[in-house]
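Notes follow once the structure below has been shown.
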Amino acid sequence: MDFISYIDGALLVLVPVLYFIGWAIKKSGKCDGRIPLILGGSGVLLAVLWVLATHSIANYQDALMAAFTAIVQGALCAAGAVYANQIKKQSGKDE
């Protein structure tokens, strides 16, 4: 089982979105070393928006579950974007 199976199907679209955000940051030449951190924060923020738009939060347990879901899903999507970038980089190298 690969880690992609842990990402909610509705949030899989975040992987290419975050990949292109990372690509744009890399092209700008700014914050190059912080791209994974920026993608992680962006992934969590976008996942928070998705969770708030799709889940009802009636009590503190729902709020805690929403926060946990957003953090985990955002981090997994960011990891997928960084992983995709590394696959692209490594596939171009000669062994």
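Among the candidates Asp62, Asp32, Asp8, which residue alone is free of Cβ contacts under 8 Å to residues at least 24 places away in the same chain, touching a Ser or Thr at 6+ places or on another chain (Cβ under 9 Å) and not hydrophobic (A, V, I, L, M, F, W, C)?
So the residue among Asp62, Asp32, Asp8 that is free of Cβ contacts under 8 Å to residues at least 24 places away in the same chain, touching a Ser or Thr at 6+ places or on another chain (Cβ under 9 Å) and not hydrophobic (A, V, I, L, M, F, W, C) is Asp62.
Filter segment 1-33 down to the residues that are charged (D, E, K, R) and modelled with pLDDT of 90 or more, then identify the one that is farthest from Val72 (Cα to Cα).
Lys27
Does segment 30-40 contain at least one residue that is β-branched (Val, Ile, Thr) and more than 15 Å from Ala84 (Cβ to Cβ)?
Yes; the residues of segment 30-40 include at least one that is β-branched (Val, Ile, Thr) and more than 15 Å from Ala84 (Cβ to Cβ).
Go through Ala47, Ala66, Ala84 for me and flag whichever is among the aliphatic types (A, V, I, L, M), under 17 Å from the mean Cα position of the chain (by Cα) and within 14 Å of Ala10 (Cβ to Cβ).
Every option except Ala47 fails the conditions.
Would you check if there is a residue in segment 21-28 being within 13 Å of the chain's Cα centre (by Cα), assigned to a helix (DSSP H, G or I) and either free of Cβ contacts under 8 Å to residues at least 12 places away in the same chain or crowded, with 19+ Cβ neighbours inside 10 Å (or both)?
yes
Condition check: of a type in the set (Phe, Trp, Tyr) and surrounded by 12 or more Cβ atoms within 10 Å (Cβ to Cβ). Does Tyr60 satisfy that?
No: the conditions fail for Tyr60.
Would you tally the residues in segment 35-57 being at pLDDT 95 or above and in a loop (DSSP other than H, G, I, E, B)?
The number of residues fulfilling the criteria is 0.
Within segment 13-20, does at least one residue satisfy the condition of being farther than 18 Å from Ile87 by Cβ and either over 9 Å from the mean Cα position of the chain (by Cα) or without any contact (Cβ under 8 Å) to a residue 60 or more places away in the chain (or both)?
Checking segment 13-20: at least one residue is farther than 18 Å from Ile87 by Cβ and either over 9 Å from the mean Cα position of the chain (by Cα) or without any contact (Cβ under 8 Å) to a residue 60 or more places away in the chain (or both).
The values are calculated or read from the model by the stated rules, or taken from the named source; none is laboratory data. These numbers come from a predicted model, not from an experiment. A quick note on method: Cβ atoms are made from the backbone with ideal geometry, for glycine too, and the neighbour counts reach across all protein chains shown.
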